[in-house]
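Take a look at the structure set out below.
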Amino acid sequence: MEIFDKVEDIKREVMNTLENQSLTYEQQTYRLAKIAENIMDYPVSKDDLFYEMYNEGKICDLDEGHAPYAPRYILPDYEKLLREGSEFLRLTPAKNLKQAINSLLIFYHHVPSITRFPVYIGSLDTLLEPFIDEVNDDVIEEIKLFLIQLDRTINDSFCHANIGPYETKVGNIILDIIDELQNVTPNMTLLYDSEITPDTFAEKAIKASLNTANPAFANLSYYKKDFNEVPFGIASCYNALPTTGGAFTLSRIRLNKIADDSKGIDDFINGELPKVVDTLVHFMESKIDFLVNKTSFFKSSFLIREGFVKIENFVGLFGVVGLHECIEILSAKEGKTFVLGTDKEAEELGIKIMDKVEELVNKFTSKYSPVWNSKFMLHAQVGAANDKGTTAGTRIQIGKEPDLYQHIRTAARLQQYFPSGTGDHFPFESTAEKNPKAILDIFKGAFKLNMRYISCYKEDGDLIRVTGYLVKKSDLEKFNRGEQVSYDTVQYAQDPLNDYGILERKVQNV
Amino acid sequence: MCKTATINKIIPMSLVDGPGNRTAIFFQGCNFNCSYCHNPETIKKCINCGECVSHCPVGALKMIDGKVLWDENKCIDCDTCIKVCPHGSTPKTYEYTVDDLMEKIEENIPFIEGITTSGGECTLNFEFLEKLFIKVKSLGLTSLVDTNGFISLKSPMMEGLVKAADGFMLDIKSMNEEEHINLTGRPNKTVIENAVYLASIGKLQEIRTVLIEGNKNRETVENITKLLQPYPNITYKLISYRPFGVREEFLQLKSIEKKQKEELKEIAIMNGIKVIDC
């Protein structure tokens, strides 16, 4: 929590930013804006329980900023853009591939988010396929340049593109060229449905992901059960959200910190947890109140005015981290040593905890989000700074991973709670490249067990999936040495890779 | 018939024993004695002499009723038992019935598309395999056999196994008879007959040759690919020799140069066989 008591403090922080040689100009500008925002008060009064719980680490607002003036995640209706153009941006309906790409690139520039870059750039294959009759060198070159432009100007790998479930010309072109490009942006998801997606196409995606950590696989038919008729996309790390909408905000609870203060399982479930959840949902609602009622976004942004997003399609995201440690702490308080992934009892306790979290979050009715029945969506948050000792979402702690099948069985059961996103990522030995069908078999098995989201990358590749987003190991080495790197995400990857052991994930021997 | 089979190892997830993700099952006992065998302890069956028992540093081996019993949970995989075995075998095996083995396989559903039986030489347990494969098929899984091809698969006793298996992966150690005997201790006539037979009934999934410097590699690759030219969809794994797990007396063996391997690949491809470089 960044609190400035004196003007001198603000000046010092501004000066620090101006002097910082490892930040690019853009990154400095963004930081200066954040300092200005954080001069403002928090959206809850100074005597709110929020502050105490924040200091104890039970609640974390992800340092979104004290006074949000745009939604955290925005998923605009890009089909509408290509179909109708935009009055504000003086764009006419796209008639060919060049115009479609041009319109998209212009539009992306005007889509805000928590990172200042668009976190969702649409289903690229669905968007571009209508403009391609035949695949030739020109078409491939245009898509390649489009992807390069995205990587070099959207300097943040929370930017997410979707492909699938159908095999398309555009999907094939993208999968064919991403190995050569080795880009961190965009993060990509294949919306996979074994009934629709051909095996050959899925295998190509697996092969690409071993080499580039892209795309991850989302279990489309399972997500469809949650969303019913609501159109949705995968944004940011792996967040499933309504399109023509998005998420107002994301805050989270650290289950392990709440467990620390509990006397035992019963006190946790019936005493501590309800208090913390109640405090956080009210904090989130206050934040959304501020964003919707005080700031200009939902009143004057062209995105609203022209119908690219609608306020009713925005949700609040209630994040969860630290289940693994929570289970260890609570079982220790009962004189046991249950480990998630290894002991059945640990998994059952995890289910019990998540059932309660779900029940408590659903008890709260928001003034917003008719798209989600006015409830906050549960989200398995991936982790942030100060998360040492707290495992992301409901994942099994790195270093405690069981064999892959057991890992997936446990992960799949715990992923069920998170319609707005969760995921597990697995590094494989490089030999797996020779048999992508095998990994597809494993993914199909995982989806049969109702896993929502899974990805792979090869152990000795440069590109890896950190918690949800991508980073190049070589870029992190540069950044560690104090050199500039063009994209922001490398800053967030510093702790996970240097301190949280992401590079120590169990490699799947083949 | 023998109701059980001796199993050396079960690998629940294998990406290198045939197409897709498979559970690989390694049977104990082999009718070849290849100089470059990567797991020579799988060749001979344990004769329960008990020599290893006292050498185990963690007490994972016990002699009960004249039999050496191995406790997998105590074992730390130091392989002292294998090193001291005067017989070149291993006590680290289990006897499985078909039903016991099925239970092990079923644990890996829904992640696998099938099983691959290997060894040792798994076809020595042909009746066991036939029963196993029929049960495996009833679960919607496929069964592949990794074999040295020494037992004639055309013989009537093997008919049930060939029918029940979805495909075979066959080692072509050498097409030169004398070299084959030198390498394995056995002639190659049946191996070659089996290759052609399996190919002709569409059940030859893959052939492989381990490439060792000084061997008649060219003759082997050229002759087998010519022989299999009429049959589609066979892959040829050309494997560079690596000394892992090989007995000390054969450690001087070397793989061939990269350039030579490229030439061999070309020969195979020219004869219309798909090559996987390993």
Checklist entry - Only one residue in B:I181, B:I172 is away from chain A (no Cβ under 14 Å), within 19 Å of the chain's Cα centre (by Cα), exposed (fewer than 15 other Cβ atoms within 10 Å of the Cβ) and under 24 Å from B:L227 (Cβ atoms). Which one? => result B:I181
Checklist entry - Are any residues in the stretch A:445-469 more than 7 Å from chain B (Cβ to nearest Cβ) and in a helix (DSSP H, G or I), and if so, which ones? => result A:A446, A:F447
Checklist entry - Considering only the stretch B:1-57, how many residues are acidic (D, E) and in contact with a strand residue (DSSP E or B) (Cβ under 6 Å, 6 or more places away or on another chain)? => result 1
Item to check | Failed item in (1) surrounded by fewer than 24 Cβ atoms within 10 Å (Cβ to Cβ); (2) within 14 Å of chain B (Cβ to nearest Cβ); (3) touching a residue at least 60 places away in the same chain (Cβ under 8 Å); (4) not β-branched (V, I, T), with A:R505 passing the rest | outcome: (2)
Item to check | All positions within the stretch B:251-276 that are within 14 Å of chain A (Cβ to nearest Cβ) and either surrounded by fewer than 14 Cβ atoms within 10 Å (Cβ to Cβ) or touching a His at 6+ places or on another chain (Cβ under 9 Å) (or both) | outcome: B:K274
Checklist entry - Here are some conditions: (1) polar (S, T, N, Q); (2) buried (at least 16 other Cβ atoms within 10 Å of the Cβ); (3) more than 23 Å from A:A240 (Cα to Cα). A:S113 meets all but one. Which one does it not meet? => result (3)
Item to check | Unmet criterion (only one of (1) touching a residue at least 60 places away in the same chain (Cβ under 8 Å); (2) over 17 Å from A:A70 (Cβ atoms); (3) among the polar types (S, T, N, Q)) for A:T115 | outcome: (2)
Checklist entry - Mind checking whether some residue in the stretch B:122-140 is within 12 Å of another protein chain (Cβ to nearest Cβ) and under 14 Å from B:I25 (Cβ atoms)? => result no
Checklist entry - If A:Y405 passes every condition in (1) assigned to a helix (DSSP H, G or I); (2) among the aromatic types (F, W, Y); (3) closer than 30 Å to A:E285 by Cβ but one, which one does it miss? => result (3)
Next on the checklist: Suppose we keep only residues that are of a type in the set (A, V, I, L, M, F, W, C) and either within 14 Å of chain A (Cβ to nearest Cβ) or surrounded by fewer than 18 Cβ atoms within 10 Å (Cβ to Cβ) (or both) within the stretch B:1-33. Which one would you say is farthest from B:C46 (Cα to Cα)?
Outcome noted: B:L15
Checklist entry - Residues in the stretch B:92-115: is at least one away from every other protein chain (no Cβ under 14 Å), in a loop (DSSP other than H, G, I, E, B) and in contact with a Cys (Cβ under 8 Å, 6 or more places away or on another chain)? => result yes
Checklist entry - Do we find a residue being on the phi < 0 side of the Ramachandran plot, buried (at least 18 other Cβ atoms within 10 Å of the Cβ), in a helix (DSSP H, G or I) and not polar (S, T, N, Q) anywhere in the stretch B:139-154? => result no
Item to check | Among (1) more than 14 Å from every other protein chain (Cβ to nearest Cβ); (2) under 26 Å from A:K204 (Cβ atoms); (3) touching a residue at least 40 places away in the same chain (Cβ under 8 Å); (4) not β-branched (V, I, T), the one test that A:P496 misses | outcome: (2)
Next on the checklist: Cβ-Cβ under 8 Å, sequence separation 6+ or interchain: first residue in the stretch A:385-407 and within 14 Å of chain B (Cβ to nearest Cβ) and crowded, with 17+ Cβ neighbours inside 10 Å, partner of a type in the set (A, V, I, L, M) and outside any helix (DSSP H, G or I). Which pairs?
Outcome noted: A:P402/A:I396; A:L404/B:M13; A:Y405/B:M13; A:H407/A:I396
Item to check | Test: residue in the stretch B:176-194 that is modelled with pLDDT of 95 or more and in contact with a strand residue (DSSP E or B) (Cβ under 9 Å, 6 or more places away or on another chain) | outcome: yes
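The values are calculated or read from the model by the stated rules, or taken from the named source; none is laboratory data. Just so you know, these numbers come straight off a predicted model, no measurement behind them. Cβ sites come from the backbone with ideal geometry, for glycine too, and all protein chains shown count toward neighbours.
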